[in-house]
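Down below is the structure, laid out as structure tokens.
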Amino acid sequence: MTYETYKILHILGLLLLVLGIFGYAGIFLNGSQPTSGTRKTMMMTNGFGLLFLLFGGFGMAGKLGLMGHLPGWVYVKLFIWLCLGGLVALIKRKPQRASGWIILTVVLALTATIFAVLKPF
């Protein structure tokens, strides 16, 4: 696959991940409880987003020749990926903080984007 294809998959993954987190948190912000079908849909959206992010990110790293020695900014992005992956569990455990989880999602996604664009180290 081409670098551009991996990049599209990576961006699609970010969109799906954020959609899943926002959708799940939005249910609690509305004062509702998710049905099993809604919960399943949000978890699947989140999971596919995580998968596409990882696949697209490592695909791009391979195309850039970074797989032999990953730079530090990649490790920061992997840590953010782990944090975003665990966020749905936090939303489930502390639904009263849904607005805070949404803000955290935006901050983490923005941080990952900044590291991807600037590649500071």
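Rule-based calculations on the coordinates, nothing more; no lab input. What you see is a predicted model; the values in this text were computed from it and never measured. Methodologically, a virtual Cβ is constructed for each residue, glycine included, from the backbone with ideal geometry; neighbour enumeration extends over all protein chains shown.
Helical content alone sets the calculated 222 nm signal of the chain at -28500 deg cm²/dmol, taking -39,500 (n - 2.57) per DSSP H segment of four or more residues and averaging over every residue.
Straight-line cross-link partners of residue 7 among the lysines, defined as a Cα under 19 Å from its Cα and at least 8 positions apart when in the same chain: 63, 77, 119. What do you get for the angle between helix 36-63 and the principal long axis of the chain? Use alpha-carbon atoms, 0 to 90 degrees, nearest ten. Orientation of helix 36-63: about 10 degrees from the principal axis. Ignoring lysines fewer than eight residues from residue 40 along the same chain, the ones with Cα atoms less than 16 angstrom from its Cα are 92.
A straight line joining the Cα centroids of the stretch 4-28 and the stretch 48-80 runs 16 Å.
Between the residues 72, 104, 5, the greatest Cα displacement towards the positive end of the dipole of the chain, with unit charges on the Cβ of Lys, Arg, Asp and Glu, is found for 104.
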